[in-house]
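To keep things clear, I will list the structure first and then write my remarks on it.
Values in this text are rule-based calculations from the coordinates and carry no lab data. Keep in mind that what you see is a predicted model, and the values were worked out from it rather than measured. When we count neighbours, we look across all protein chains shown, and the Cβ atoms used for this are built from the backbone with ideal geometry, even at glycine.
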Ligand code: PCA
């Protein structure tokens, strides 16, 4: 019987950024014990063909809970996604240069899956920890939506699973051409840790 763990995923950098805060947070939390369970972090490629395979391999090890994370530059705070849609429609090619338009994530799958994370409990835990955050009603139609849909489709209802979008960190804000919101990486790591605890 494999020992229980929580799966935390981050994404590699994309869209010209040198870093991805979700990758950095996942690395920072790898092997930490949070809420009594060790965290296993897995890095997902920003590659629409490869990401589902890497994800499904990680899911096959039987995590007790799954927290998927990614960057949503421009968002002012950490945001729990409520829903993943069965749609791929990219404004930006993935890291392999592939663009999708009006395609399903899973042909014949349900139109949408809701997050099975305790969204309100996570918001409350963030509030108690002094972390402003909110529930987002769209994860976009890019890789983040794709992996949330893929994970929910693979897992069913039994394992809490959902997506957390992170703001830009200081490195991304410093390299941006126009001023934008950011959250220091240490705070991003803390927000992810508190979400895992909840
Ligand atoms: N953010 C993108 C994909 C990878 C990432 O970190 C998204 O929001 O879809």
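With respect to residue 133, determine if the residue is touching a strand residue (DSSP E or B) at 6+ places or on another chain (Cβ under 9 Å), away from the ligand (no atom under 14 Å from the Cβ) and in contact (Cβ under 8 Å) with a residue 40 or more places away in the chain. Yes, satisfied.
For segment 1-18, a tally of residues being touching a residue at least 60 places away in the same chain (Cβ under 8 Å), more than 15 Å from the chain's Cα centre (by Cα) and under 20 Å from residue 144 (Cβ atoms) returns 3.
Can you tell me which residue among 156, 186 is closer than 20 Å to residue 122 by Cα and without any contact (Cβ under 8 Å) to a residue 24 or more places away in the chain?
Details: 156 fails: closer than 20 Å to residue 122 by Cα.
Just one listed residue meets the conditions, 186.
State whether the residues of segment 58-74 include one that is free of Cβ contacts under 8 Å to residues at least 12 places away in the same chain and out of contact with any strand residue (DSSP E or B) (no Cβ under 6 Å at 6 or more places or on another chain). There is at least one residue in segment 58-74 that is free of Cβ contacts under 8 Å to residues at least 12 places away in the same chain and out of contact with any strand residue (DSSP E or B) (no Cβ under 6 Å at 6 or more places or on another chain). Scanning segment 8-33 for residues that are part of a strand (DSSP E or B), away from the ligand (no atom under 11 Å from the Cβ) and surrounded by 18 or more Cβ atoms within 10 Å (Cβ to Cβ) gives a single hit, 8.
Scanning segment 37-51 for residues that are more than 13 Å from the ligand (Cβ to nearest atom) and part of a strand (DSSP E or B) yields 37, 38, 39, 40, 41, 42.
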